[in-house]
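Student: Structure in structure tokens, see below.
The values are calculated or read from the model by the stated rules, or taken from the named source; none is laboratory data. The model shown is predicted, which means the values in this text are computed figures rather than measured ones. Methodologically, a virtual Cβ is constructed for each residue, glycine included, from the backbone with ideal geometry; neighbour enumeration extends over all protein chains shown.
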């Protein structure tokens, strides 16, 4: 018997919740904006949500602190409620579901069989590999074996957060449990890495929305991250960037520069080497993000960020087109360029004045 999930579309569920056509189109427009897509794509989203069945999702938890789930349920564009209840069918999540024990594992195995090749596997946390993976077990099975089993027939795998994407604190030196990120354990499936500690809520819901709408994975960078969310450095979108370019840096916490909102690079900010959407989406419904609150970026969406500390010491150098420069050098170059500019302006002005004086007698003689 064909499952109800195969027949039910997002639009069907929305109508059951009293959503009329106008509000449905508005909903699709909002999703396009959240994904950074052009308005011309809205009809395609409308068609997809009207005709495609909801996306079955199995959400596993390994070695992690559940901060990714905490972030996910605080999404507002689109809100997590819309994603979970309307666009996807979150059939298995051992943190959020009411069922427990062997009943839960039976549900997971049933979904794997019934929707083979159709469900998305979302993984929060990584898997220990030392001593057979005994440091994380669920229902008597190691998380490593559960991960490998569940990934076998998945349509795609999403690695939520830095724990699943790059190992995070569990895989930091000396890594006694042999923890490894998903990409080092699953090699035969497409994997979307959504790093961050935790990842931004709207980025998480945006990835699911994209897969549901287009039936494909978003374009990924060389680290497997969606380019639409990890395509720019935080440094390039930071409102403190002008102070960096001017060589104005916070030298110590609560100094005059800190009060004026100067650049936090000397305090250890990893913004120049970190790719993420923090300045765009921010946190808590767009209220702020670490740099906006006076704390430097720790680069949590980059590989091995936990071992790249200490967090409150500046990087020795930063990449600048053609050279490697320190903040002091950048400031010196900017100041030097300004001085040269002033000098050239002075020289050109004097030459222009001298020329005008030479021409003056000629005009008088005429």
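Student: Tally up the residues in the range 243-253 that are surrounded by 18 or more Cβ atoms within 10 Å (Cβ to Cβ) and at positive phi, please.
Tutor: 0
Student: Could you check the range 254-366 for helices (runs of 4 or more DSSP H) lying wholly inside it with 1 or more residues that are touching a helix residue (DSSP H, G or I) at 6+ places or on another chain (Cβ under 7 Å), surrounded by 13 or more Cβ atoms within 10 Å (Cβ to Cβ) and at pLDDT below 85? Break it down into steps so the answer makes sense when it comes.
Tutor: Numbers: elements: 256-259, 278-281, 327-365.
In the range 254-366, the matching helices (runs of 4 or more DSSP H) lie at 327-365.
Student: Taking the condition of being out of contact with any strand residue (DSSP E or B) (no Cβ under 7 Å at 6 or more places or on another chain), modelled with pLDDT of 95 or more and surrounded by 14 or more Cβ atoms within 10 Å (Cβ to Cβ), how many residues in the range 128-147 meet it?
Tutor: Qualifying residue count, the range 128-147: 2.
Student: Looking only at the range 14-36, which residues are out of contact with any helix residue (DSSP H, G or I) (no Cβ under 8 Å at 6 or more places or on another chain) and either touching a residue at least 12 places away in the same chain (Cβ under 8 Å) or surrounded by 18 or more Cβ atoms within 10 Å (Cβ to Cβ) (or both)?
Tutor: Across the range 14-36, the qualifying residues are 30, 33.
Student: Sticking with this structure for a sec: Pull out all pairs, ordered by first then second residue, where Cβ-Cβ is under 6 Å, the residues are six or more apart or on different chains, the first lies in the range 96-119 and is closer than 13 Å to residue 152 by Cα and assigned by TED's automatic domain parsing to the domain that holds residue 148, and the second is modelled with pLDDT under 85 and surrounded by 14 or more Cβ atoms within 10 Å (Cβ to Cβ).
Tutor: Sorted first by the residue in the range 96-119, then by its partner, the pairs are 111/91.
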